[in-house]
Structure formats: structure tokens, C-alpha cells
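Every number here is computed from the coordinates shown, using simple stated rules; none is lab data. Worth saying up front: this structure is predicted, and the values here are computed from it rather than measured. FYI the Cβ positions are ideal-geometry reconstructions off the backbone, even for glycines, and counts take in every protein chain you see.
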Amino acid sequence: MGLGVFKKIVKSHLVSGNMRAGEPISIKIDQTLTQDATGTMVYLEFEALGLKKVKTELSVSYVDHNLMQNGFMNADDHRFLQTSASKYGVYFSRPGNGICHQLHLERFSIPGKTLLGSDSHTPTAGGIGMVAIGAGGLDVALAMAGEPYSIVMPEVVKVDLRGRLMPFVSAKDIILRLLQMLTVKGGVNKVFEYTGPALKYLDVTERATITNMGTELGATTSIFPSDEVTYRFMKSQGRERDWFEILPDEDAEYESEIVIDLDELEPLVAQPHSPDNVVKVKEIEGKKVDQVAIGSCTNSSFKDLMKVALMLRGKRVHPGVSVALNPGSRQVMLELQRNGALEWILSAGVRILEMGCGPCIGMGFSPPTGGVSLRTYNRNFYGRSGTKSAFVYLVSPETAVASAITGVITDPRHLGMEPIIVREPEKYVIDDTMILPPSPDPESVEVIKGPNIVSLELKGEMEDTISAEVLIKVGDNITTDHIMPAGANILPLRSNLPEISKHVFEAIDPGFYERARRRNGGIIVGGENYGQGSSREHAALAPMYLGIKAVIATSFARIHRANLVNAGIIPLIIDKETYNRIEQGDLLKVDVELDKDYFRVVNLSKSFEFQAKVELSDRDRQLLKAGGILPFYKKKLSGEV
């Protein structure tokens, strides 16, 4: 049988393992990306490995998350990132240049290559035909060191797109439909590969919207073929020399298949507080809206924002609605300025925010108390907007604009507008002056660390027995936002584990930090899909710093589970019945036998024992034994193992 696009690229990059679903594999990584919220730790980790230069074909450090520069800490982080990039052979995208995923799509992504990024929405580049995977920073640091990336070979799901999108229905509605069908757990250990006759009607940035939000399915990644549509986009970016055609074989074999008829698709909306809580917009029309936020890495391309501009031309936003736009890149803004569309947006009463992630991660433009906020973003987790009492809905740009105009949730088809057609420019404005190449003389570069930047301390080897208290018991679908919040107060601490650890679980249990310090660490117990959402490894590193030895849950999200292993924390799986018997405060004794698939655990407080499953590769077992990925590879790269 033939191969699909994903398997073709994996095969050409395979270092070890067999391409059978469920088996461990390692692949060569061509490119890496980091952003400032995760990147500061990545470069501290790379520093700890003791190497002088990255070994990838290309690595890029973007600054897009923490742009407020409130006090010295943000500015110090940016200076640290810039000097680290210059010294270690990395390109540096300066603050204000744009969002990493939009920028990488425009300037660096290459079909057929592999990309590993310290951001969960790295699969955005799958829209151009890359195998692009989000990972924890430790994995990215190792990829920069030339090490292959290890994962479990995922199942590949063929998504056959047929028909054509109707007016005011967009790519956002395609991915919302998949979330409605499969839920946020439906893509775990899966890759979604898009095929079908409808592809010729979806340009690269529309494809990227779909692959971006494939992350919300829990997918390893999502991917489109590289075809004539891809070529036109790359030519418009002046990068046609990098184009490479990659199509699935006619007899390509997939593990499963989903068919979506775009002719039947309608505008959809994800209701609070999960991206899979999806209904048709017309089902909740008329609900008052307080705020509309347009942009982010999901919907801030030129095509998206031109649709916004054309719908707003000659109109005003409703006086009861506050509307803001965070553009995806400086290139997009220059194009809007060049054709006059920026004036239409401003004249309508829209606020223009900085070219960065902004409100998506709770960095400004938070909703009012109890407010309803419609956002073209990818996540609407509880409290993520910066206002815990807010109700955040995820919508397409068309639905966002229609609702901004009327002041209530509105199906854009009901405005009576003529269909809007936007074509991408044949040639985009190309200005890479805010992307700085690495120094030709790295030895002369000094990496500058401010007082808030704290170097990492490596852990010792794993103990044979863990006796510790259950410090907290949480429920299902706990996100990394629950474990380690984002926002303006937390992001400046990403390069300082001692300080950021004070905020672990504070949204759920403000007493967790003090309890962990008094007990000198302990064990966390969670329900299903523990650790879903952002790839932020601080949700594992900060608990590690507090002395967390193990997390026991009924199931784990892929990236967070890997981050726990990387941090030297054991992920243990139990059934629901056992979960129900454990309580916060119980004292547990875990027999750590890394050569076995089940660990014996005794609940000393309640006098019962149980078996906890460990789904670990041989590599995982080596990492845990060493105390985590950094201690292991530090010894390996120095020749000690």
C-alpha cells in the first residue's frame, strides 16, 4: 500500500523504530522554533547541555507572547533571548515583528521538512506540508543539540474534504466541526491528514487555521499536502525555490477516515469553557456581546483580516461592544496599510493591539466582569482570558465581525451582505529587517542575564521507593493553564523556577505552594486528559522544583506526559475506581521498578494497595532513572554514558 503525506515525511526522517501505530519512533528534526514565554527556559536548558552552536538546519527565536515589558523582567528576557540566539546560531525575530506561527509560515516553513516548536500550536506549519509538532522546551533544546525527537507513532486519520465552503462559512468552521465530532480528546496519539477535492479551494493560510486548532483535538499534528496552492503562496512570499510537491499516493493507507461535506457546513461557535463545546451560531443568536477580539495565530492572516476590513467598510461597531485586533505579522499590517483596508478597520472603531499573542494568553484586553467575549482564537479555557468570571466563545472572523456590528451573537449570513471574496496578493511586502541573523563571530557574544534569569539545577537519580503525600486531587480535563497560569503577572517569571513555582495550581488551590514546600514535595492525583492545552513545560518544571515525584491520573495529554518524563516526574495511570478511593492528604508508597509495566502503590493512610500502569518506552525509563532528560543528555553528550 502507498503512503500519505505524513508517513512519507516521517519515512524520510526516520532515525529509529517502525512506522506502525503505537510503536516508539525517533525522527530527525530540521527546524525548531521557540517563543519568549517558553524560549527563555529552552535556552537555559541548551546552555546546561554545554554546546556552542545549534545543529539544526534552522532555528528561530520569536518574541510574541510577553510584549508588555512591564518592569525590567520582560526586557531582560528579550535581551537574554537575543544574545543567546546570536551566540548559538539562531535567527531572532524581534518584538513587534509578529506571532511565531504566522511568521514561520510566511518566512521559514518548507514542505517536506520537520519542525519542532516549544509551543503547542506549532502544527500551524502543517498547512504548508511540514511535519510540525509542538513539544516541551526540553525536547526542543535537545533537537537544537542535534538529537532526534522521540514519539509514539500516531494513527493517521484521513480527513476527506468535499464540496466547497458557502459564503460566510470559513476554515475556522471546518475545525470547529471536527472538535464537535471528536472532542478535545479525540485526537490523542493521532495525526489528521487532509485530502479531497475541496483542497483546491483552501489556500495555505486557511489550511493553517485548521492545522493550528488540530492541537485542540489533542492531536500529535495535522498536515495538508504541498500542491499548486502551496506553490502560489510560497511564490507570493518570494520563496518558490523552497517549494517541494508532496502528495499522498493514490493507494495511500490510513488507519481511519472522516468525510466532511463543506457544502453542508454552517457558521459554528465553541461555547464556554472548552473548544469542543460547539453548536451552530444560529442556535444561540441574540445573546448580548460585550467584547470581540480578532486575530491571534489562528485567524490573523491577510485573508482573514481583509474579510474583516471588507465587512466593516462603511460601518461602525456597536456602541456596547469593545473590539480589538491583534494582527499576526508586520507583513500583514503592511499589506492592509498598502491597500487602504487598515483605514476601514480603524474608522469602524476597532482598537489595534500589538502584533503578538496578546489577549489569547490573557495579556491585556481582558473582558469585563461576567462579560461575553467572542474571539477568533483557539482556546476558551476557564480564566485564560484574564477574567475568571468571563464567558469566552470561539468563532470565525466573519461571525466575530457580524456580532461586533449588531452587539449580539449573529450568524454572518443574516446581515444581508454580498459574499466577500478575498484573494491573496501575487507578491507580499517582504521586509525581514526585524529578523536578526546569528553573529558571524559567536565567541565575541556575551549572553546577558538579568537578575530574574536563574540557571537550572539538575536533578539526581530517581529513588527506588517514593513515600509521599497526595498534595492535591483534581478532576478531568485539567489544563496546563490550571497547573501553571499565564497572564501578565506570571509570564515574566518563566526564566525563574523558584519564583514561578509559587503559582502552581493557584487558580484551583492557592494553598498548594505552601503545602508542597512544607511537605518537601509529594504526589498529584488527576482525572482524565490531565495536562491538556498549552505545551508549557513549566507545568512540569515548576512541580519538579517543588519536589513532585509522581502524577497519578486516569489518562494524560500527550505533550504534558512527555514533559513530566523529561522533568523526572513519573506519570502513573490508574482506573476510575482507584481514583475514587484516593483522597488529598493520603500517604502513598510507590515501588519504582522501571523495568516493569506496573508499579505497586500502597495507600498507607487507608491500608489498601493497587497497581498503577506505566506506559513508558525504553528511552523514557532511562530518562526517569537519570532524574530527567537534562541529566541524562548532559552525561551522554559529555561521553559519560
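Quick rundown of the values:
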{"read-out": "Folded to 0 to 90 degrees: helix 171-182 orientation relative to the chain principal axis, Cα", "value": "40"}
{"read-out": "Using a Förster distance of 35 Å, the FRET efficiency for E245-M181 (Cβ separation, nearest 0.05)", "value": "0.70"}
{"read-out": "Cα-centre dipole for the stretch 5-263 with unit charges at Cβ (Lys and Arg positive, Asp and Glu negative), debye to 20", "value": "560"}
{"read-out": "Residues listed by number, the stretch 359-375, amide nitrogen under 13 Å from S389 label point at 7 Å toward C-beta", "value": "367-372"}
{"read-out": "Approximate spin-label separation E499-R619, in nm, with each point projected 7 Å along Cα-to-Cβ", "value": "3.4"}
{"read-out": "Relative contact order of the stretch 270-415, pairs being alpha-carbon contacts under 8 Å that are 6 or more residues apart, as %", "value": "36"}
{"read-out": "Zone of K235's modelled label, taken as backbone nitrogen in the stretch 175-209 under 11 Å from a point 7 Å along Cα→Cβ", "value": "none"}
{"read-out": "FRET E, pair D261, N339, Förster distance 30 Å, beta-carbon r, rounded to 0.05", "value": "0.30"}
{"read-out": "Net charge contributed by nearby residues that have their C-beta within less than 11 Å of L471 (K/R +1, D/E -1)", "value": "+2"}
{"read-out": "For the stretch 1-104, share of DSSP beta bridges that run antiparallel, in % to the nearest 5", "value": "20"}
{"read-out": "Three-way shape label, the stretch 5-263, alpha-carbon gyration tensor, a/c 1.5", "value": "prolate"}
{"read-out": "Reach of K280 by Cα under 28 Å, taken over lysines that are not fewer than 8 positions away in the same chain", "value": "K158, K172, K185, K190, K200, K288, K303, K307, K315, K388"}
{"read-out": "Pairwise label distance in nanometres, E354 with E609, each label 7 Å out on the Cα-Cβ vector", "value": "5.6"}
{"read-out": "Debye, to nearest 20: dipole size of the stretch 238-297, +1 on Lys, Arg Cβ, -1 on Asp, Glu Cβ", "value": "860"}
{"read-out": "Given charges at beta-carbon only (K, R positive; D, E negative), |dipole| of the stretch 270-415 in Debye", "value": "80"}
{"read-out": "The stretch 5-263, relative contact order [Cα under 8 Å, separation at least 6], %", "value": "23"}
{"read-out": "In nm, spacing of pseudo-spin labels at N189 and K282 (7 Å Cα→C-beta vector)", "value": "4.0"}
{"read-out": "Sum of -39500 (n - 2.57) over DSSP H runs of 4+, divided by residues of the chain (222 nm, nearest 500)", "value": "-8000 deg cm²/dmol"}
{"read-out": "Residues of the stretch 58-86 with amide N under 13 Å of a point placed 7 Å along Cα→Cβ from S439", "value": "80-86"}
{"read-out": "Loop sites in the stretch 540-641: GluC sites (Glu not before Pro), DSSP, at most 16 other Cβ within 10 Å", "value": "E583, E593, E615, E640"}
{"read-out": "Cα-only radius of gyration and Dmax that characterise the stretch 273-387, units Å", "value": "14.0, 39"}
